[in-house]
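The values are calculated or read from the model by the stated rules, or taken from the named source; none is laboratory data. Not measured: the values here are computed from a predicted model. Here the Cβ positions follow ideal geometry from the backbone for every residue, glycine too, while neighbour counts run over all protein chains shown.
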Amino acid sequence: MNPNQEPIISASDVHLFYGKNEALKGISLDYFEHEITAMIGPSGCGKSTFLRTLNRMNDLIDNVTITGSVKIDGRNIYAPTTDTVALRKKVGMVFQQPNPFPFSIYDNVAYGLRLQKNEYTKDEMDQIVEESLRAAAVFDDVKDKLNESALSLSGGQQQRVCIARVLAVQPEVILMDEPTSALDPISSAKIENMLLELRDKYTVIIVTHNLGQASRISDRTAFFLQGHLIEYNETKKMFLNPDRQETEDYISGKFG
């Protein structure tokens, strides 16, 4: 890790209210290119809410107020001139439950490409779909059934097709909200291995309740508790020698 590296995302003093209830209490956090950052903490601590501030998904919820700034490549995404469609192309998102569309596997992956103004030839589209499925480590499973419904796949395969759908539009950052919590251990391991390979091309930010997963795949870890960011450090340091007692108590299983 380069100590002089500029962050790709820089959040500063982010507060978020649901009505009058303050869910995020002044979060400041930097994320760096080509790293996997894990966000951990007990249920309801604010980690998923904070993840959604990074591509303005909380805009879709009524009665939410957000203050502070989130800068991506130096620009505040909460500026009034921000194009949220372009933002969510740049900062893609994978959810906890696999959510393939009720289309063919091919059309799921091509979906975002067809929304863009660029006109792709059939050969270009085929190539991007294949490359995206390969990057998501699912091409070999589905290459002979690209025209079949994505809903016919197993949960783990569906989740990897959803990841391929995000990759197809070439984001800079991939947000993942507990992407393996609904999956069996073998499917989870495949996604973890895939994420380690994707790190060469993308910046990955993952919310996980699985401390083993955070320790295995992330470069840095952020620990949230009751809407506060308690500690943020290199993962190895955080797990072996945390700075804060609350972090040590959580990692050692005393609560959460």
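Worth a mention:
- Filtered by the rule that a residue be within 30 Å of GLU248 (Cβ to Cβ), more than 17 Å from the chain's Cα centre (by Cα) and in contact (Cβ under 8 Å) with a residue 12 or more places away in the chain, region 19-42 gives GLU22, ALA23, LEU24, LYS25, GLY26, ILE27, SER28, PRO42.
- Among the residues making up region 89-134, none is in contact with a helix residue (DSSP H, G or I) (Cβ under 7 Å, 6 or more places away or on another chain), acidic (Asp, Glu) and at pLDDT below 95.
- Of the helices (runs of 4 or more DSSP H) lying entirely inside region 150-256, the ones with 1 or more residues being in contact (Cβ under 8 Å) with a residue 40 or more places away in the chain, in contact with a Leu (Cβ under 7 Å, 6 or more places away or on another chain) and within 30 Å of SER12 (Cβ to Cβ) are found at 211-217, 245-251.
- Residue check: THR203 meets all listed conditions (1) at pLDDT 95 or above; (2) out of contact with any helix residue (DSSP H, G or I) (no Cβ under 8 Å at 6 or more places or on another chain); (3) surrounded by fewer than 16 Cβ atoms within 10 Å (Cβ to Cβ); (4) under 15 Å from ILE36 (Cα atoms) but one, namely (3).
- Selection count, region 91-122, where residues are of a type in the set (Val, Ile, Thr), closer than 26 Å to HIS34 by Cβ and in a helix (DSSP H, G or I): 1
- THR65 being at pLDDT 95 or above, within 19 Å of HIS209 (Cβ to Cβ) and not in a loop (DSSP other than H, G, I, E, B): no
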